[in-house]
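Every number in this text was worked out from the coordinates using simple rules, so none of it is lab data. Everything numeric here is computed off the predicted structure, so don't read it as measured data. Cβ coordinates were reconstructed from backbone atoms using ideal geometry, including for glycine residues, and neighbour counts include every protein chain displayed.
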Amino acid sequence: MRDIKPSLAAANKTFPSQFNPAIGFIIDTVGSYRDHERGNFEFRSGEMGLSANIDPFTRGYAIINGTPEGLEVEEAAIVTTALPYSLTVKGGRFFADFGRLSKFHDHDLPFVNRPVVLDRFMQGESQGDGIEVSYLAPTQQYLTLTAGMYNKIGAENERVDNLVPRDFSQFTYLWRAATFLNLTDNNSIDLGASYAYTPKVKIDQGGNRHLAGVDLTFRYTPLSQASYRGLSWGTEFLYNHENRPSDGFPEEGTESEEPLHFKPRDAFGMYSYIEARLSRRFYPGFLFDYAQGIDRAKGTTAYSPYLTIWASEFQRLRLQYTRLEEPGNRENQFFLQWTVALGSHVHGFRDR
Amino acid sequence: MTRIALVLLAVLLMVPVSLKGADRKIQAVATIPDLADMARNIAGDLIDVTSLATGVEDIHAVPMKPSFAVLLNRADVVILMGLEIEHAFLPALLEAARNPKILRDAPGYIDCSVYVTPLDVPTRLDRALGDQHPVGNPHINLDPVRGKDMARALADGLTRNYPEYEATFKKNLDTYLTTLDAAIARWEQEAKPLHGIKLVSYHPDMLYFAERFGMEAVGTIEIRAGVDPTPGHIAELQERMRREKVGLVVRELHYPAGLAETIAQSTGATLVELPAMVGGVPEAKDYLSFIDYNLRTVLKAVQKGT
């Protein structure tokens with residue numbers, strides 16, 4: 001029995017189920033306490049992931065997320081696997097290739113909450129309905145170039161309606177370049193630059209929007225001790241430039257009596273975190289957040305030391321304290337996050 | 001000007017195609033140095049092979065570097081040990097590499113486990129049993145007899161892709177297997193003092209080595225594969241080692257030193273530290289010297305303990 005060949009084991013599966021997609025499920029829960037909002041148990045998400053090859057030319061995947069707000073198809077995309085010239089085309093609903101942590105699902109973040117700058121400028125994950133083309137350059141140096149076109153980018157971006165047809169000037173266009181520098185066997189840097197442009201933001205009565213970002217991730221991963229030692233330092237800078245009405249938008253459901261005067265508004269934000277791997281289980285870290293308001297309002301700053309404990313590869317606990325300082329509010333926040341993964345698990349290139 | 005630019009673009013796009021001439025070597029990427037060494041022995045001057053791992057890594061934790069995607073993008077074949085041992089890095093890298101020739105089960109995907117009957121195939125898959133090896137224990141490179149099966153699979157994979165070189169691959173494989181057979185006969189003779197010796201290893205990767213050389217792998221420091229031990233498990237392991245007179249503690253070099261030393265000292269066992277791949281120590285510069293190093297190191301430890 002010990003020597004059963006894998007082919008014999010495979011034959012034990014029933015024929016109809018042999019082409020079922022890989023299925024995984026992630027449960028992400030947080031217990032929180034905030035000075036002003038007090039305590040709460042937050043069921044953040046129960047997220048099902050499905051993936052499979054479709055045919056010799058494409059694969060598909062979907063992420064269906066259940067949250068207290070309801071059930072949502074967070075991602076459902078088709079990806080080519082056999083195009084020439086190292087091209088990949090992705091279509092459907094997916095996280096647009098902007099920056100680094102914008103493409104991470106909430107439970108995959110290195111800390112409990114999404115950095116303020118990403119929540120404010122990107123509005124959640126970089127979810128978009130659209131199409132994206134990615135090219136791996138034929139160079140010794142790793143270099144990928146991406147171009148995309150979407151209805152909008154931002155999972156919680158309510159400034160653009162996903163369901164309403166639009167002119168070409170009302171789509172959001174993205175360009176990104178990313179490279180990798182292998183400094184030594186143990187040290188490396190991932191570097192990327194992203195730019196998203198919406199010529200006319202329809203709901204904002206024609207104001208255009210530019211969002212640019214630079215992301216850098218330094219990793220120290222000693223090859224002989226990679227499971228037990230390491231250091232990661234990740235930083236992103238984002239810059240938002242758009243035309244906003246100088247007197248603000250009229251209230252929802254009303255119209256302005258006078259034509260709106262648009263003025264350019266710039267906003268800047270960033271986050272930077274450092275995380276150490278002290279053993280297979282213990283990963284202490286620190287996150288610094290800073291983001292201005294889109295209307296150039298005063299900035300929000302947050303400081304978050306945290307400790308991630310990996311009970312196993314599939315179960316994680318995280319303790320985090322956040323000191324939040326924003327105009328009109330200074331708050332201490334405490335979090336205990338518990339996240340588990342059931343079923344199929346994939347070590348993704350995007351989420352490394 | 002536009003016409004010139006279009007012509008230049010067309011020429012640039014043709015350049016990768018025009019380099020794939022008859023004199024171009026087979027571009028191979030192996031996941032571990034053991035396979036790279038076998039590929040060089042079998043294909044000789046016909047192949048340029050690069051290994052993703054250097055040999056010092058835990059094969060379950062080889063970093064997923066984007067530079068590996070560039071190597072795989074240009075590869076004609078990828079050579080892997082198989083049995084899902086590379087699951088932590090290879091599938092994602094193959095996706096990032098955008099090379100349809102080497103996707104899973106494509107002709108250029110050379111799985112060197114296809115002729116190996118694995119040990120310890122689970123009868124039940126359940127995460128409560130740790131990060132199981134779902135199709136059986138994959139650490140087959142530590143057994144030189146299974147190493148022969150790996151070499152055969154490698155040669156067949158290269159022949160599948162390059163039938164015009166079949167005769168060369170077969171001749172070189174026969175030479176390599178003859179060398180391996182002679183070494184195996186010598187090792188089995190030298191390993192007689194190991195018969196019946198019980199060992200504990202950090203991770204369950206000594207199973208094939210133990211079986212080949214008449215030893216018995218009775219347990220692991222990890223509570224389950226991929227799960228660090230609890231104090232309770234360590235205490236139980238130490239008790240079992242004393243009861244069953246386990247003489248050796250094997251620390252694979254990519255695991256922490258302190259705990260293995262403590263367990264060895266507390267139970268009177270001898271600690272032995274071994275590489276898990278070619279390149280794991282300077283002396284293990286190819287597959288033969290890797291097995292040789294491991295056997296000699298274990299023999300020295302057993303002789304020291306008696």
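Counting beta carbons within 10 Å around each of A:Val340, A:Val89, B:Val227 and listing the fewest first gives the order A:Val89, A:Val340, B:Val227.
Taking only Cα atoms, what is the 0 to 90° angle, nearest 10, from helix B:257-267's long axis to the longest principal axis of chain B? Tilt relative to chain B: about 30 degrees.
On the beta carbon distance between B:Gln303 and B:Thr117, with R0 = 41 Å, the FRET formula returns roughly 0.80.
At q = 0.16, 0.24 Å⁻¹ the log10 of I(q)/I(0) for region A:254-315 amounts to -0.70, -0.96, computed by Debye summation with a single uniform scatterer per C-alpha, solvent ignored. In loop segments of region B:56-129 as defined by DSSP, the trypsin sites (Lys or Arg not before Pro) with at most 10 further C-beta atoms inside 10 Å of their C-beta are B:Arg124. Among the residues of A:135-141, the average count of other protein chain beta-carbon atoms within 10 Å of the residue beta-carbon is 4. For chain B, the longest principal axis of the C-alpha atoms and the axis of helix B:166-190 are separated by about 10°.
A full extension of the chain between A:Leu342 and A:Asn187 corresponds to an added length of 52.6 nm, given 0.36 nm per residue minus the alpha carbon distance.
Only lysines eight or more places from B:Lys65 in sequence, or on another chain, were considered; those with a Cα closer than 24 Å are A:Lys90, A:Lys103, B:Lys101, B:Lys285.
Annotation for B:Glu188 and A:Phe268: the two label points, set 7 Å from Cα along the Cα-Cβ direction, are 7.3 nm apart. Using the Cβ-Cβ distance between A:Glu72 and A:Ile131 with R0 set to 30 Å, the FRET efficiency from 1/(1 + (r/R0)^6) comes to roughly 0.90.
If r is the Cβ-Cβ distance from A:Thr301 to A:Asp35 and R0 is 25 Å, what FRET efficiency results, to the nearest 0.05?
0.95
How do B:Met215, B:Met38 line up, fewest other C-beta atoms within 10 Å first?
Sorted ascending by nearby Cβ count, the order is B:Met215, B:Met38.
Against chain B, whose longest principal axis is taken from its Cα atoms, helix B:144-161 shows a tilt of about 10°.
Ordering B:Ile263, A:Ile309, A:Ile294 by the number of other Cβ atoms within 10 Å of each residue's own Cβ, fewest first, gives A:Ile309, A:Ile294, B:Ile263.
Please get the size of the charge dipole for the protein assembly as shown, origin at its Cα centre, with Cβ charges of +1 on Lys and Arg and -1 on Asp and Glu, quoted in debye to the nearest 20.
For this selection, approximately 1340 debye.
When the trypsin sites (Lys or Arg not before Pro) in region B:244-306 are filtered for DSSP coil states and for at most 16 other beta-carbon atoms within 10 Å of their beta-carbon, the remaining sites are B:Lys245, B:Lys285.
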